[in-house]
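Inspection log for the structure reproduced underneath, given as structure tokens.
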Amino acid sequence: MGNVATFLRIIAAVPILVGVLHLALGLDADVLLGARLPASVISDPALDSQNRFYGVSFMLYGVLLFVGGSDLKRYLPVVRYTLWIFFAAGLARLLSIALYGLPPPLVILLLLSEVFGTPVLLLWLSRASRKEA
């Protein structure tokens, strides 16, 4: 499971950095993703608070992947659940699309990585864990 574990530790940096970006920039981080937000929305205290909270919460994905990749045999169930939740969160974007239409291209790329990349990673993880057993 060495290659999967190494990959998990490397990709863990992505949600951690994204979370830091949202913590530091608030809703301006969403503007970087292509959201068209007026200044009145960006400066709304409730939305800014929520965005920064969710950004820091998103870091948990990275922390769980990093810790899980550090001792994959021990944390295999946690890593699997983390990836399944990440996949479900990607599917949740489909509800937003159904309600409001397509998001900016960068968000579509995120959706594709979440909905298609996560199952590939889960399959790789499953195969690697079977080889180890």
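The values are calculated or read from the model by the stated rules, or taken from the named source; none is laboratory data. Predicted model, so just to flag it, every value in this text is computed and none were measured. No Cβ is skipped: glycine too gets one built from the backbone with ideal geometry, and neighbour counts run over all protein chains shown. Remember, those area values only see protein heavy atoms, side chains included, never the ligands or the DNA or RNA. Shrake-Rupley method; radii C 1.70, N 1.55, O 1.52, S 1.80 Å.
Name the single residue, out of those in region 29-72 being hydroxyl-bearing (S, T, Y) and either assigned to a helix (DSSP H, G or I) or touching a residue at least 60 places away in the same chain (Cβ under 8 Å) (or both), that is surrounded by the fewest Cβ atoms within 10 Å (Cβ to Cβ). The selected residue is S40. Scanning region 18-28 for residues that are out of contact with any Gly (no Cβ under 8 Å at 6 or more places or on another chain) and either touching a residue at least 40 places away in the same chain (Cβ under 8 Å) or open to solvent by 20 Å² or more (accessible area, probe 1.4 Å) (or both) yields a total of 3. Within region 101-133, restricting attention to residues that are of a type in the set (A, V, I, L, M) and surrounded by fewer than 15 Cβ atoms within 10 Å (Cβ to Cβ), the residue that is farthest from L72 (Cα to Cα) is L102. If you take the residues in region 82-100 that are of a type in the set (S, T, Y) and either modelled with pLDDT under 95 or closer than 18 Å to G34 by Cβ (or both), which one is surrounded by the fewest Cβ atoms within 10 Å (Cβ to Cβ)? Out of the qualifying residues, it is Y100. Among the conditions (1) closer than 30 Å to S129 by Cβ; (2) over 13 Å from the mean Cα position of the chain (by Cα); (3) polar (S, T, N, Q), the only one that N51 does not satisfy is (1).
Considered as a group, the residues in region 1-17 that are open to solvent by 50 Å² or more (accessible area, probe 1.4 Å) and among the hydrophobic types (A, V, I, L, M, F, W, C) include one that is nearest to R127 (Cα to Cα), and that residue is F7.
The requirement of being open to solvent by less than 70 Å² (accessible area, probe 1.4 Å), touching a residue at least 60 places away in the same chain (Cβ under 8 Å) and either assigned to a helix (DSSP H, G or I) or among the polar types (S, T, N, Q) (or both) is satisfied by V79.
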